[in-house]
Amino acid sequence: MKKLILINFLIVMLYSCGITTKDETYISSAKSSSGKIVKLYYVEVGATANDVIQVRKINKDNDEELLNSYEHNFVKEFKFISADSLFLVLADTTSFGLSKKLDTIILSIK
């Protein structure tokens, strides 16, 4: 009986600790010359995964569709370079500012 109470207590504690909390922060949006709209979000997932930058496309029903996630926490540059190509420069921050490593990404938006 004591083991069952202890197990139940541990389960309740794990679920209430916020391990799976998700906090989304809208960063910016861009519209291509063909009318495609994408939005960027910074997503803090909590203790179970790394924080990410998400790229989402607005579909015909005005819903957001996740295109890709990148394990970074800072967007240095973000723009359409053609009607169907999105240019991103992503970085990570440290306590001293931006890290020296920048990732340049060209994402096809279909």
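Mind listing the long-range amide H neighbours of L67? Cut-off is under 5 Å, sequence gap 5 or more, other chains count too, H placed in the peptide plane at 1.01 Å from N.
For L67, whose amide H was placed from the backbone, the distant partners under 5 Å are V55, R56, K57.
Under a Cβ-Cβ cut-off of 15 Å, what is the net charge of the residues other than F74 that fall near it, where Lys and Arg count +1 and Asp and Glu count -1?
Details: positive: K76, K100, K101; negative: E44, D51, E71, E77, D92, D103.
Cβ neighbours under 15 Å give a net charge of -3.
Describe numerically, in nm with one decimal, the distance between label points set 7 Å from Cα along Cα→Cβ at D51 and at I106.
The modelled label-to-label distance comes out at 3.0 nm.
Would you tally the net charge around L98, using a Cβ to Cβ cut-off of less than 11 Å, leaving L98 out, and scoring K and R as +1, D and E as -1? Intermediate values should be presented prior to the final figure.
Details: positive: K76, K100, K101; negative: D92.
It works out to a net charge of +2.
Checking the a/c ratio against 1.5 first, then a/b against b/c, what shape does the Cα gyration tensor give for region 44-110?
Working: a/c = 3.02, a/b = 1.41, b/c = 2.15.
It is oblate, given that a/c is not under 1.5 and a/b is not larger than b/c.
In what sequence, highest mean first, do 29-36, 52-59 appear when ranked by Cβ atoms within 10 angstrom? Walk me through the numbers on the way to the answer.
Values: 29-36: 12.4, 52-59: 17.9.
Result, highest mean first: 52-59, 29-36.
Taken together, the values in this text are just the output of simple stated rules run on the coordinates, not laboratory data. None of the values given here were measured: they were computed from a predicted structure. Cβ coordinates were reconstructed from backbone atoms using ideal geometry, including for glycine residues, and neighbour counts include every protein chain displayed.
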